[in-house]
Amino acid sequence: MGEGEKTRLVAWSNELRRVHDRLREALTLTRDAVADGVPAESATRDLLLFCHGFCAALAAHHEGEDRDLFPAIAEQHPELRDTLYYLRQDHSMIAHLLTGLQTAVARAAPPAELDRHLEGLAAIMESHFRYEERQLLTVLDTLALTADPETVLGPL
């Protein structure tokens, strides 16, 4: 295996870490927008933009994993099928929480309510990311998957 090919294989674990870090940062920015928000039309608009961007990025990340990454892992590492099942369950739970957050933002819920939504989302998201990294980073170091990282993991 040439050095370029090995670099491409190892890059999947780096790509996953990078996307998780960007999503963590996006969540922090969204929470800061809620904390700093004043009850004004422009603050609500800003929060809608933060929430929409964060929610869309997190949803795209999980959809790409479910569609492209997890099937490739299951094929090459059948012993991880239970792990992948639990990760998909998390994706479903996170999607439900994202819907609740988007609904609250759309109806201009008070900042304390929005923060409760974000706090719950932050807790499950962080737990999910840590579990995923513990279970999959070593596998991703050697995963043979020819695909565009942005398609598989979401925007980098």
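Quick note: the coordinates plus some simple rules give every number you see, no bench work behind them. Since we're looking at a predicted model, the values are computed, not measured. Positions of Cβ are generated from backbone atoms using ideal geometry, with glycine treated the same way; all protein chains shown enter the neighbour counts.
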Practice task
Determine the gain in length on full extension of the stretch residue 116-residue 80; use 0.36 nm per residue of separation and subtract their C-alpha separation, reporting nm with one decimal.
Solution key: 9.6 nm
Exercise for the section: Between beta-carbons, use under 14 Å as the cut-off and find the net charge around residue 25, counting Lys and Arg +1, Asp and Glu -1. Expected result: +2
Practice task
Please give, to one decimal in nm, the separation of the simple spin-label points placed at residue 148 and residue 106, each 7 Å out from Cα toward the Cβ.
Solution key: 2.8
Exercise for the section: Would you calculate the separation in nanometres between label points at residue 88 and residue 35, each defined as 7 Å from the Cα along the Cα-to-beta-carbon direction? Expected result: 3.7
Exercise for the section: Could you list the residues of the range 103-130 with an amide nitrogen less than 19 Å from a label point located 7 Å from the Cα of residue 24 in the Cα-to-C-beta direction? Expected result: 118-130
